[in-house]
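**Student:** Handing you this structure, nothing more for now.
The values are calculated or read from the model by the stated rules, or taken from the named source; none is laboratory data. Model, not experiment: these values are computed from the prediction. Don't worry about glycine lacking a Cβ; one is built from the backbone with ideal geometry, like all the others, and counts go over all protein chains shown.
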There are 2 protein chains.
Amino acid sequence: MKKALILLGCPEAPSQTPMAVYAVHKLTSMGYEVLVASTPSALKLLEVSDPDEYYVKNKIDIESCLDSLEEDSFDLLLGFVHKDAAVSYFVTFYHILNTTSLAVVFERDPQLVEKFEKDIKESTDAITVSVRAYHNPTPIRVKFDRALKQLEG
Amino acid sequence: MKKALILLGCPEAPSQTPMAVYAVHKLTSMGYEVLVASTPSALKLLEVSDPDEYYVKNKIDIESCLDSLEEDSFDLLLGFVHKDAAVSYFVTFYHILNTTSLAVVFERDPQLVEKFEKDIKESTDAITVSVRAYHNPTPIRVKFDRALKQLEG
């Protein structure tokens, strides 16, 4: 079975937890076994958001995940990025895993969107999707779906 | 069957959508049929957050809901409050419905928490739970669970 790893940093943006659930659901329907690695507060939000674990079946603390990470252990890396720390995590995981990677950059501030996208493009060959968005998830969802189609095609 | 109405305003706070799903799940397990009335962006976040509608089965636009609202049409009103607009919605729905009501106030700024709590207490006899919280849902969840126990007892 194909394996995907989703990275979640600090959950400042209201779209992050909903989009994380959406991404798990989407990737699962595409045949991936999905693991979500996240910071402690992002993890708590995921738990509250999915009390029956109907969507998110596999979760791990992002630091523990990093400690045991090996090259090629996942077929897809997906990172949600709306903070500097999330850029660092994504770049670190990218270089250890050395696998197909997709960064979804979203922020309310267009200058930060540009900065995060540039940071990622300078340090990786990941597919990067970026959106100026905060609490409306639709632009993020649409660009994310399009990027997944591109990956599959 | 008992009926509960959950009000969601502007989803600025990252905890709101996860807590809304959690509340639907909890109230459903307590035997309520639950309807969520929300602003358009809060509704989009809910949809992305629960793509199979596993948790949230009944949703409506908050303005349409208000138009057709009648006294005693719900056994419980639950409002999430972290904006002035959410206070207004809660107070309005409270006075039309005239039923058991619970307001969950959460904000990062302690002065706003105090203000919203005061506003609600001045205008209603609702049970009010207030928490200084933003992206950690645990304090909100714990106080919410406690208030529901109190309602049931």
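**Student:** Would it be correct to say that B:Ile96 is among the β-branched types (Val, Ile, Thr), in a strand (DSSP E or B) and over 30 Å from A:Leu43 (Cβ atoms)? Full working, then the answer.
**Tutor:** Numbers: among the β-branched types (Val, Ile, Thr): yes; in a strand (DSSP E or B): no; over 30 Å from A:Leu43 (Cβ atoms): yes.
Judged against the criteria, B:Ile96 is not a match.
**Student:** While we're on this one: Could you list, in sequence order, the residues of region A:16-43 that are under 17 Å from A:Ala85 (Cβ atoms) and of a type outside the set (Val, Ile, Thr)?
**Tutor:** A:Gln16, A:Ala20, A:Ala37, A:Ser38, A:Pro40, A:Ser41, A:Ala42, A:Leu43
**Student:** Do we have B:Ser15 as among the polar types (S, T, N, Q), in contact (Cβ under 8 Å) with a residue 60 or more places away in the chain and closer than 23 Å to A:Tyr22 by Cα here?
**Tutor:** Details: among the polar types (S, T, N, Q): yes; in contact (Cβ under 8 Å) with a residue 60 or more places away in the chain: yes; closer than 23 Å to A:Tyr22 by Cα: yes.
It is true that B:Ser15 is among the polar types (S, T, N, Q), in contact (Cβ under 8 Å) with a residue 60 or more places away in the chain and closer than 23 Å to A:Tyr22 by Cα.
**Student:** Exactly one condition in (1) within 15 Å of A:Ser15 (Cβ to Cβ); (2) surrounded by fewer than 17 Cβ atoms within 10 Å (Cβ to Cβ) is false for A:Lys83; which is it?
**Tutor:** Single failed check for A:Lys83: (2).
**Student:** For A:Phe116, indicate whether it is aromatic (Phe, Trp, Tyr), touching a helix residue (DSSP H, G or I) at 6+ places or on another chain (Cβ under 7 Å), modelled with pLDDT of 95 or more and part of a helix (DSSP H, G or I). Walk me through it before giving the result.
**Tutor:** Values: aromatic (Phe, Trp, Tyr): yes; touching a helix residue (DSSP H, G or I) at 6+ places or on another chain (Cβ under 7 Å): yes; modelled with pLDDT of 95 or more: yes; part of a helix (DSSP H, G or I): yes.
Spelling it out, A:Phe116 is indeed aromatic (Phe, Trp, Tyr), touching a helix residue (DSSP H, G or I) at 6+ places or on another chain (Cβ under 7 Å), modelled with pLDDT of 95 or more and part of a helix (DSSP H, G or I).
**Student:** Since B:Phe74 meets every condition but one in (1) within 14 Å of another protein chain (Cβ to nearest Cβ); (2) not in a strand (DSSP E or B), which condition does it not meet?
**Tutor:** All conditions pass for B:Phe74, except number (1).
**Student:** Okay, next question. Cβ-Cβ distance below 8 Å, separation of 6 or more or different chains: which pairs start in region B:86-111 with a residue that is within 10 Å of B:Arg132 (Cβ to Cβ) and end on one that is among the polar types (S, T, N, Q)?
**Tutor:** Going by the 8 Å Cβ cut-off, the qualifying pairs are B:Val105/B:Thr128; B:Val105/B:Ser130; B:Phe106/B:Ser15; B:Phe106/B:Ser130.
**Student:** If I go through region B:94-115 residue by residue, how many of them are of a type in the set (Phe, Trp, Tyr) and out of contact with any Phe, Trp or Tyr (no Cβ under 9 Å at 6 or more places or on another chain)? Even if it seems obvious, please write down each step before you answer.
**Tutor:** Narrowing region B:94-115 to residues of a type in the set (Phe, Trp, Tyr): B:94, B:106.
From what's left, out of contact with any Phe, Trp or Tyr (no Cβ under 9 Å at 6 or more places or on another chain): B:94.
Looking only at that region, the number is 1.
**Student:** Exactly one of (1) touching a Gly at 6+ places or on another chain (Cβ under 8 Å); (2) of a type outside the set (Ser, Thr, Tyr); (3) within 14 Å of chain B (Cβ to nearest Cβ) is unmet by A:Leu7. Its number?
**Tutor:** Evaluating A:Leu7 over (1) touching a Gly at 6+ places or on another chain (Cβ under 8 Å); (2) of a type outside the set (Ser, Thr, Tyr); (3) within 14 Å of chain B (Cβ to nearest Cβ) leaves (3) as the failure.
**Student:** Consider region B:29-41. How many of its residues are crowded, with 24+ Cβ neighbours inside 10 Å and in a helix (DSSP H, G or I)?
**Tutor:** Within region B:29-41, residues that are crowded, with 24+ Cβ neighbours inside 10 Å and in a helix (DSSP H, G or I) number 0.
**Student:** Against the definition (closer than 18 Å to B:Lys83 by Cβ and within 9 Å of chain A (Cβ to nearest Cβ)), how does B:Pro51 come out, yes or no? So that I can check it myself, show each step before the final result.
**Tutor:** Values: closer than 18 Å to B:Lys83 by Cβ: no; within 9 Å of chain A (Cβ to nearest Cβ): yes.
In short, no.
**Student:** Scan (1) within 14 Å of chain A (Cβ to nearest Cβ); (2) at pLDDT below 95 for the single condition B:Phe144 breaks and write down its number.
**Tutor:** (2)
**Student:** Looking at B:Val104, is it modelled with pLDDT of 95 or more, under 13 Å from B:Leu8 (Cα atoms) and touching a helix residue (DSSP H, G or I) at 6+ places or on another chain (Cβ under 6 Å)?
**Tutor:** Criteria met by B:Val104.
**Student:** Go through region B:119-137 and give me each residue that's surrounded by fewer than 17 Cβ atoms within 10 Å (Cβ to Cβ) and modelled with pLDDT of 95 or more.
**Tutor:** Within region B:119-137, B:Lys121, B:Glu122, B:Ser123, B:Asp125, B:Ile127 qualify.
**Student:** For residues in region B:1-24 being touching an Asp or Glu at 6+ places or on another chain (Cβ under 7 Å) and at pLDDT 95 or above, which is surrounded by the fewest Cβ atoms within 10 Å (Cβ to Cβ)?
**Tutor:** Filtering region B:1-24 for residues that are touching an Asp or Glu at 6+ places or on another chain (Cβ under 7 Å) and at pLDDT 95 or above, the one surrounded by the fewest Cβ atoms within 10 Å (Cβ to Cβ) comes out as B:Lys2.
**Student:** Here is a further query. I'm told B:Lys57 meets every condition in (1) part of a helix (DSSP H, G or I); (2) within 30 Å of A:Val56 (Cα to Cα) except one. Can you identify the failing condition by its number?
**Tutor:** Among (1) part of a helix (DSSP H, G or I); (2) within 30 Å of A:Val56 (Cα to Cα), B:Lys57 violates only (1).
**Student:** How many of the residues making up region A:119-141 are farther than 23 Å from A:Phe93 by Cα and in a strand (DSSP E or B)?
**Tutor:** 1
**Student:** So which of B:Lys26, B:Lys44 is within 12 Å of another protein chain (Cβ to nearest Cβ), free of Cβ contacts under 8 Å to residues at least 24 places away in the same chain and either of a type outside the set (Ser, Thr, Tyr) or in a helix (DSSP H, G or I) (or both)?
**Tutor:** B:Lys44
**Student:** Could I ask something else about it? If you take the residues in region B:115-140 that are polar (S, T, N, Q) and out of contact with any strand residue (DSSP E or B) (no Cβ under 7 Å at 6 or more places or on another chain), which one is nearest to B:Ser15 (Cα to Cα)?
**Tutor:** B:Asn136
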